[in-house]
Amino acid sequence: MRSLLAYVLVLLLGSLGVSLAQVKSARPTVTVDSGILRGTYQITANGRRIFAFEGIPYAKPPVGKSRFKDAQPIKPWKGIWDASQPGSVCLQYDHMTYLYDEPVIGDEDCLYLNVYTPKLPTGLGIPQLFDVIVYIHGGAFTYGGGHLYKPRYLLDRDVVFVTINYRLGPLGFLSTGDDVLPGNTGLKDQVAALQWIQRNIALFGGNPNSVTITGMSAGGASVHYHYLSPLSVGLFHRGISMSGSTLCPWTQTEEARAKAVKLANALGCPTITSAEMVDCLKRRPARSIVKLVKPLFMPWHYNPYTPFGPVVEVGGLTPFLSQHPYEILSTGNIQDLPWLASVTAQEGLYPVSNFVADAELLQEIETKWLLIAPHLLDYNFTVQPLQRDETSLNIKQHYLGNQTISRNTTAPFIQMVGDRLFVVDVERAARLQAAANTAPVYFYRFAYRGKHSYSELMSWGSEENFGVSHGDDTGYILGNFYMNPDETEEDKQMTQKMLDIWTSFAKTG
């Protein structure tokens, strides 16, 4: 059947005087600093044809001896690079599939980005350059990928859109607490991607002098980290952080060296010196390293869900972060650029919507609250062991009074988790940054509940309206596999409002 279809296609092309080679060559091409890219076309929600270049390598594959090292410049390639589909996601322990036999997905060769543009420069006259919006994916610095976020709605506006991959989990955020492996490799990958954008985005019709970095959750925290890092100076001009800041507790890794030693011991590596330990870890299979994330570092369910993340670096020639974020914000030593921060009305639905769908899980949380709370609310390293029980009881009393954790107390439980993991520290960061900067700082709370919610996915398909979940606002801008804003007129209107916010901010700040 397939050969028959191919034969018919050849006959049709022949009757039109068009060869298969001509069809292939009709795809758009762009020559970047590493070589020629051949992309493809996509269609937006309103039927606009756009140019798509996916799976573009922005750095050398971080494999072999390059594992754990800062991203290295990619060597120019010969011929034409096929940029018609996204590259692999970075190797990760995807806790959305933690119940399955093989939750480790992706590849170590993963430093790719995707570029979408409404118009390519013609080479005639002065080109019209569009504002650039870069999206940094979330996923607790542990899972996710840039390919999940699409231009279907955003590219009905005149902007250039870029999504990126960066190393995750121990491969992106392992630290020995010294100059052997200072840490923050994944954040430095993001810097390398932003540098690539500065060098090449004008070739796609993007304005390198008008780059807005955006992200949700760990992506939003990443955006905020770039305001604090000297490595990111001059690489962007505005930022949007949705549901994440550098002050959120899960965005700072405690006991980084102890975790590196624990991982090395489990893999049979020496731990006396950092150099020996890292050299051995470079020789272990990457999947074996990532597979240990859950059994070694997530003692309950998938919590704490960011065992490896940003650290204050000790040593190293080019630190991304050399002070605690609170200290940097308090002293005002940050980039004075416009910033838009936000939260949703029920942030705690991630992860609580996963729990309320399971009566046994809720019962376990109630009966083992003193054991679970420090991991769920991320104070297992920051509160002294002798004070943890009292802290856990006080938190529960504050939000639930004398009630038990059950389906009947879903609302205060959601608020408890949301306040701790997201809301309080996004607002605190916005206030500190507003006090330090002359550039505007904006803050909003997203409370629109459309037809669908991220909580449906987390609760294994439940359509019960628990509220406006962590991540819901992103769906109206970029779409995703669980939300389709085209289904109702109200959702369509919200999409246009959110697009107005993003594109106007990207233009004027």
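Taken together, the values in this text are just the output of simple stated rules run on the coordinates, not laboratory data. Nothing here was measured: the structure is a model prediction, and the numbers come from that model. All Cβ positions, glycine included, derive from the backbone under ideal geometry; neighbour counts span all protein chains shown.
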- Task: Whole Å is fine, so just give me how far the alpha carbon centre of the range 398-459 lies from that of the range 151-182.
- Result: 24
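In percent, how large is the relative contact order of the range 360-418, given Cα pairs closer than 8 Å and 6 or more residues apart? Can you show the working numbers first?
Values: 32 pairs, mean separation 23.8, N = 59.
Computed value for the range 360-418: 40 percent relative contact order.
Using the count of nearby Cβ atoms within 10 Å as a rough guide to exposure, how do Tyr227, Tyr41 rank from fewest to most? Let's see the in-between values first.
Values: Tyr227 26, Tyr41 12.
If I rank by nearby Cβ atoms, fewest first, I get Tyr41, Tyr227.
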- Task: Provide the FRET efficiency to the nearest 0.05 for the Gln323-Glu463 pair, computing r from the beta carbons and using R0 = 35 Å.
- Result: 0.15
- Of Lys150/Lys451; Lys119/Lys150; Lys65/Lys150; Lys69/Lys282; Lys75/Lys119, those spanning more than 22 Å from alpha-carbon to alpha-carbon: Lys65/Lys150; Lys75/Lys119
- Task: Give, rounded to the nearest 20 debye, the magnitude of the charge dipole that the chain has about its Cα centre when Lys and Arg contribute +1 at Cβ and Asp and Glu contribute -1 at Cβ.
- Result: 1580
- Item | Neighbourhood charge, 12 Å Cβ-Cβ cut-off, centred on Leu37 and excluding it, Lys, Arg +1 and Asp, Glu -1 | -1
- Query: Shape of the range 353-509 from its Cα gyration tensor (a ≥ b ≥ c, root eigenvalues): rounded if a/c is under 1.5, otherwise prolate when a/b > b/c, or oblate?
  - Reply: oblate
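Test of understanding: what is the full-extension gain from Tyr444 to Val424, defined as 0.36 nm times their sequence separation minus their Cα-Cα distance? Working shown, then result.
Working: separation 20, 0.36 × 20 = 7.20 nm, distance 1.30 nm.
Working it through step by step, the gained length comes to 5.9 nm.
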- Message: For a protection proxy built on the mean count of beta-carbon atoms within 10 angstrom, sort 316-328, 155-167 highest first, please.
- Response: 155-167, 316-328
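Take peptides 33-39, 485-491 and line them up by average Cβ neighbours within 10 Å, highest first, as a rough protection proxy.
Values: 33-39: 18.3, 485-491: 14.6.
Going by the mean number of other Cβ atoms within 10 Å, highest first, we get 33-39, 485-491.
Starting with the highest mean, order 183-192, 361-370 by the number of other Cβ atoms within 10 Å, averaged over the residues of each peptide. Walk me through the numbers on the way to the answer.
Working: 183-192: 25.4, 361-370: 15.6.
Highest-to-lowest ranking by the protection proxy: 183-192, 361-370.
Let me have the relative contact order for the chain, percent, based on Cα pairs under 8 Å that are six or more residues apart.
Numbers: 1047 pairs, mean separation 70.8, N = 509.
Relative contact order comes out at 14 percent.
Report the gain in length on full extension from Val233 to Leu370: 0.36 nm times residue separation, minus Cα-Cα distance, nm rounded to one decimal. Walk me through the numbers on the way to the answer.
Details: separation 137, 0.36 × 137 = 49.32 nm, distance 4.36 nm.
Extra length from Val233 to Leu370 when fully extended: 45.0 nm.
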- Taking only DSSP H segments of four or more residues, each worth -39500 (n - 2.57), what value at 222 nm results for the chain once the sum is divided by all its residues, to the nearest 500 deg cm²/dmol? -10500 deg cm²/dmol
